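The values are calculated or read from the model by the stated rules, or taken from the named source; none is laboratory data. On a predicted model such as this, the values are computed, not experimentally measured, just so you know. Positions of Cβ are generated from backbone atoms using ideal geometry, with glycine treated the same way; all protein chains shown enter the neighbour counts.
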Amino acid sequence: MFQKYQKDFALLLESGFIAINQTDADSAKKIFAACNVLKPNNAFGDIGFAFLYLHLLDLSKALTYCQNALKKDSKNEMANTIMGICKAMTLKQSPEGEKILIEMAKSDNTFVKKSADIALQFIDKFIKKAPSPVELAQPVKKGKEKRKKPIPKSKVFIARAGNKFFSFEIKF
């Protein structure tokens, strides 16, 4: 039925990634869905969805699509890299994600290698970051603390109606 559009698969896939870069999630979803209809056994439609949901920081959906892509193509390095990034950004799966990224950084594919290297740098710089001296000096808040500022006894509000201003006071 869609045989005449098979040759447009790569163009659709690329336009989906362009839609993500243009922050047009709705179009990207429709385009990647079309890719999955055209070639249901191809992993790249699911990789596109995973990439989209990674950008939206919906890591659980991104992981689901990575797993779907890996079911279709178990050796797909791009799906593994995106899955490593997603897992590295979740608290419980961070070490597993880092292991995946270290493995993907050894890839022959320059895009995969560069993505994994950048993700590992991000993890080292921001996720594994030790607290700064300022953060260590701040007391940890436990329970209810006393308010430092006294609660005001009243509050003055100014309202505008047309070109006239009115003020009113609410007492507590």
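Just a few scattered comments:
- Restricting segment 35-53 to residues that are among the aliphatic types (A, V, I, L, M) and at pLDDT 95 or above leaves a set whose member that is farthest from the chain's Cα centre (by Cα) is Ala43.
- For segment 49-57, the criterion of being in contact with a Phe, Trp or Tyr (Cβ under 9 Å, 6 or more places away or on another chain), touching a residue at least 12 places away in the same chain (Cβ under 8 Å), farther than 22 Å from Ile123 by Cβ and not hydrophobic (A, V, I, L, M, F, W, C) is met by no residue.
- Any hit, segment 24-37, residues being assigned to a helix (DSSP H, G or I), out of contact with any helix residue (DSSP H, G or I) (no Cβ under 9 Å at 6 or more places or on another chain) and among the charged types (D, E, K, R): no
- Restricting attention to segment 92-121, the residues that are touching a helix residue (DSSP H, G or I) at 6+ places or on another chain (Cβ under 7 Å), among the hydroxyl-bearing types (Ser, Thr, Tyr) and under 18 Å from Phe51 (Cβ atoms) total 2.
- Any hit, segment 73-94, residues being in a helix (DSSP H, G or I), closer than 15 Å to Leu63 by Cα and among the acidic types (Asp, Glu): yes
- Answer residue from segment 48-81, given it is in contact with a helix residue (DSSP H, G or I) (Cβ under 8 Å, 6 or more places away or on another chain) and among the acidic types (Asp, Glu) and is surrounded by the fewest Cβ atoms within 10 Å (Cβ to Cβ) among those: Asp73
- Residue tally, condition crowded, with 17+ Cβ neighbours inside 10 Å, in contact with a Leu (Cβ under 6 Å, 6 or more places away or on another chain) and in contact (Cβ under 8 Å) with a residue 24 or more places away in the chain, over segment 1-47: 5
- Whether a residue is touching a residue at least 24 places away in the same chain (Cβ under 8 Å) and either more than 19 Å from the chain's Cα centre (by Cα) or in a loop (DSSP other than H, G, I, E, B) (or both) was assessed, and Leu63 does not pass this test.
- Qualifying residue in segment 130-148 (condition: under 20 Å from the mean Cα position of the chain (by Cα), modelled with pLDDT of 65 or more and either closer than 23 Å to Ala79 by Cβ or outside any loop (DSSP other than H, G, I, E, B) (or both)): no
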